[in-house]
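Beneath this line is the structure, given in structure tokens, with notes to follow.
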There are 2 protein chains.
Amino acid sequence: MDNRIVCTGTLGLDTTRTPFRTVENVLGGSAAYFSYSASFFVPVSVISVIGEDFPKGYLELLSRKGIDLSGVEKRDGEKNFAFDSEFSYDLYARKALKTELKILENYLPNLPHRLVETEFVYLGTFAPKQQLHLLEQFESPKLVIADTIEYYIENDRPALMDVMGRIDGLVINDIELRMLAQTHNLVKAAFTLLEKGLKLLVVKKGEHGCIIFSEEGAFPLPAFPLENVVDPTGAGDSFAGGFFGHIARKNGTLDQKTLKEATAYGTIMGATAVGDFSLNNLLNTTPEKIEETFHGYRRMLFF
Amino acid sequence: MDNRIVCTGTLGLDTTRTPFRTVENVLGGSAAYFSYSASFFVPVSVISVIGEDFPKGYLELLSRKGIDLSGVEKRDGEKNFAFDSEFSYDLYARKALKTELKILENYLPNLPHRLVETEFVYLGTFAPKQQLHLLEQFESPKLVIADTIEYYIENDRPALMDVMGRIDGLVINDIELRMLAQTHNLVKAAFTLLEKGLKLLVVKKGEHGCIIFSEEGAFPLPAFPLENVVDPTGAGDSFAGGFFGHIARKNGTLDQKTLKEATAYGTIMGATAVGDFSLNNLLNTTPEKIEETFHGYRRMLFF
């Protein structure tokens, strides 16, 4: 067995409007950012669905990086998942303008048989029932980490709780955590979820870094102070890719050292993603640059 | 010369209402929190003003800690500075209900002659002209750090810019920094101020920690993940006390190691202050507890 991660999530066409520039129909979606970021660390397979209008070039861009797309279903006659949104001047608040979601509605992720023994599974942003459907196809995954969003916390809580009972780790932002645990204090909210059986909780706080909660306790790590953020889209998924990628590379160990290193790699991949639109800045980085930044990050925190 | 810090700022009577408990007329004010916190590191003198109704017990509480109050002017027949405020459920947003400010209006801080050679000066929250008036009385201070608040940024910018031109360091929160530099990105805002001659900028982000900017670059450090915050009042001033206290103890060095250590001590003193109302938790800590927490904080960030 290699240390492959199988991930599910969207392959999308993003139209992103910022006060500085607009890009149209660029490659986006949680599975795109996650898989590209994680592929710097371990082999990655994507399980997703695309429409007739999804450019072949985008698939090539992923497969050139060695990402296995044999689990990506192409539907002729259907439109691809697309997201048109606009950022405020501070690049913080995002307003959805138009979404093309229909292709996702009756999609159920199918795992190619040769991947059923995969040990590492990432359930990116999809409906809880889709996440569960994929998860049930693995024989005995060693480490399953999921993401979710406000929409499912508000509208699909019972199914989401079902997912929560069957995963090891959850990657979530601070607002989502407060909603999910129904309490304001982040630390209390996190321990509420750990008491329900979760082994690992990664709370992303954007420019403020993140807090990792596990049986090793709670520890916070800051983000890089960034002067030039071009497009925050995909920061969280790229973070998750670096984070899980490093853990998988370390055979799924969840000791404190590995978790801190993984957080550092996640932070680096997230900071890389936001420096340009789409996956552009991820395309331009290298394993050497990532290592160099890793050592700089560690030095920054050492005293 | 000892490594004494002379600080100015308010000695106040706080009435603080939280959804959980209300306390009335407890000891507060920026000079109270700053001086108590800093006095764990170096000798401290306070330059401030109090009214007839300021309890003798509060002065004793400070002087028992060795804080020099010979520069505190008592005005008979005048009411002490008082601040009545209410916190929202999340202990984040604070609403001012009533303030008694009259005593501060025509106050000009006077430095006792035997303190004119002091090397370390902290200009706590006061009007810029009051900060300047005190500053001009020192012969040749080695390191001057100031604080300010939204009110003076909005209503007294020219005088504040005068202060900025004559200090070495500024301690400020993220909202205030954005207002002061008139730009949203924190990093850009910070470098704008450094280019204008500031040597040191400490940007406090509450529960998200802080970022230190100096000629050594920008580095962020996280806060402790706290489960029990009782009253956020004084967190920033207590942070500043630990931060400047450690730097003064190290003779005013601003190298990266000292700045990181100072940030750690500031973080610890801030986290201590918010664990109870008024200075209660600061009263209960010890140099040994502070050192122990310092080593824990350093371990938390090491990998």
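Out of segment A:182-192, which residues are in contact with a Leu (Cβ under 6 Å, 6 or more places away or on another chain) and either closer than 20 Å to B:SER88 by Cα or surrounded by fewer than 22 Cβ atoms within 10 Å (Cβ to Cβ) (or both)?
Step one: list which residues in segment A:182-192 are in contact with a Leu (Cβ under 6 Å, 6 or more places away or on another chain), which gives A:189-190.
Passing the criteria: only A:ALA189.
Find all pairs meeting these conditions: Cβ atoms under 9 angstrom apart; at least six residues apart or on different chains; first residue within segment B:79-104 and under 19 Å from A:LEU186 (Cα atoms); second residue outside any strand (DSSP E or B) and acidic (Asp, Glu).
From residues that are under 19 Å from A:LEU186 (Cα atoms), the pairs are B:PHE87/B:ASP231; B:LEU91/B:ASP231; B:TYR92/B:GLU207.
To keep it simple, each residue is scored yes or no on (1) over 25 Å from A:VAL121 (Cα atoms); (2) free of Cβ contacts under 8 Å to residues at least 12 places away in the same chain; (3) in contact with a Gly (Cβ under 6 Å, 6 or more places away or on another chain); (4) not in a loop (DSSP other than H, G, I, E, B).
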residue	(1), (2), (3), (4)
A:GLU24	yes, yes, no, yes
A:LEU27	no, no, no, yes
A:ALA31	no, no, yes, yes
A:SER35	no, no, no, yes
A:PHE40	no, no, no, no
A:ILE47	no, no, yes, yes
A:ILE50	no, no, no, yes
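Taking A:ARG178, is it surrounded by fewer than 14 Cβ atoms within 10 Å (Cβ to Cβ) and of a type in the set (Lys, Arg)? Don't jump to the end; show me each part of the working.
Numbers: surrounded by fewer than 14 Cβ atoms within 10 Å (Cβ to Cβ): no; of a type in the set (Lys, Arg): yes.
So A:ARG178 fails the test.
Under 17 Å from the mean Cα position of the chain (by Cα), among the β-branched types (Val, Ile, Thr) and more than 26 Å from B:TYR89 (Cβ to Cβ): does that describe B:ILE167? Spell out the reasoning first.
Values: under 17 Å from the mean Cα position of the chain (by Cα): yes; among the β-branched types (Val, Ile, Thr): yes; more than 26 Å from B:TYR89 (Cβ to Cβ): yes.
Considered against the rule, which asks whether it is under 17 Å from the mean Cα position of the chain (by Cα), among the β-branched types (Val, Ile, Thr) and more than 26 Å from B:TYR89 (Cβ to Cβ), B:ILE167 comes out as yes.
Hey, among A:ALA218, A:ALA273, which residue is buried (at least 20 other Cβ atoms within 10 Å of the Cβ), farther than 30 Å from A:SER88 by Cβ, in contact with a helix residue (DSSP H, G or I) (Cβ under 9 Å, 6 or more places away or on another chain) and of a type in the set (A, V, I, L, M)? Write out each step before concluding.
Working: A:ALA273 fails: farther than 30 Å from A:SER88 by Cβ.
Being buried (at least 20 other Cβ atoms within 10 Å of the Cβ), farther than 30 Å from A:SER88 by Cβ, in contact with a helix residue (DSSP H, G or I) (Cβ under 9 Å, 6 or more places away or on another chain) and of a type in the set (A, V, I, L, M) holds for just one of A:ALA218, A:ALA273, which is A:ALA218.
Select, from B:ARG75, B:ARG17, the only residue that is touching a Gly at 6+ places or on another chain (Cβ under 9 Å) and either more than 21 Å from B:LEU134 (Cα to Cα) or loosely packed, with under 15 Cβ neighbours inside 10 Å (or both). Outline the logic, then answer.
Details: B:ARG17 fails: touching a Gly at 6+ places or on another chain (Cβ under 9 Å).
Criteria check complete, one pass: B:ARG75.
Residue by residue, here is whether (1) modelled with pLDDT of 95 or more; (2) part of a loop (DSSP other than H, G, I, E, B) holds:
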{"site": "A:ALA218", "(1), (2)": "no, no"}
{"site": "A:PHE224", "(1), (2)": "no, yes"}
{"site": "A:PRO232", "(1), (2)": "no, yes"}
{"site": "A:GLY245", "(1), (2)": "yes, no"}
{"site": "A:GLY252", "(1), (2)": "yes, yes"}
{"site": "A:ALA262", "(1), (2)": "yes, no"}
{"site": "A:GLY266", "(1), (2)": "yes, no"}
{"site": "A:THR272", "(1), (2)": "yes, no"}
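Could you list all residues from segment B:203-240 that are more than 12 Å from every other protein chain (Cβ to nearest Cβ), of a type in the set (A, V, I, L, M, F, W, C) and in contact (Cβ under 8 Å) with a residue 60 or more places away in the chain?
B:PHE239, B:ALA240
Would you confirm whether or not segment A:252-268 contains a residue that is more than 14 Å from chain B (Cβ to nearest Cβ), within 12 Å of A:TYR36 (Cα to Cα) and either surrounded by fewer than 16 Cβ atoms within 10 Å (Cβ to Cβ) or not acidic (Asp, Glu) (or both)?
No: segment A:252-268 contains no residue that is more than 14 Å from chain B (Cβ to nearest Cβ), within 12 Å of A:TYR36 (Cα to Cα) and either surrounded by fewer than 16 Cβ atoms within 10 Å (Cβ to Cβ) or not acidic (Asp, Glu) (or both).
The values are calculated or read from the model by the stated rules, or taken from the named source; none is laboratory data. On a predicted model such as this, the values are computed, not experimentally measured, just so you know. Cβ atoms come from the backbone with ideal geometry, glycine included; neighbour counts cover every protein chain shown.
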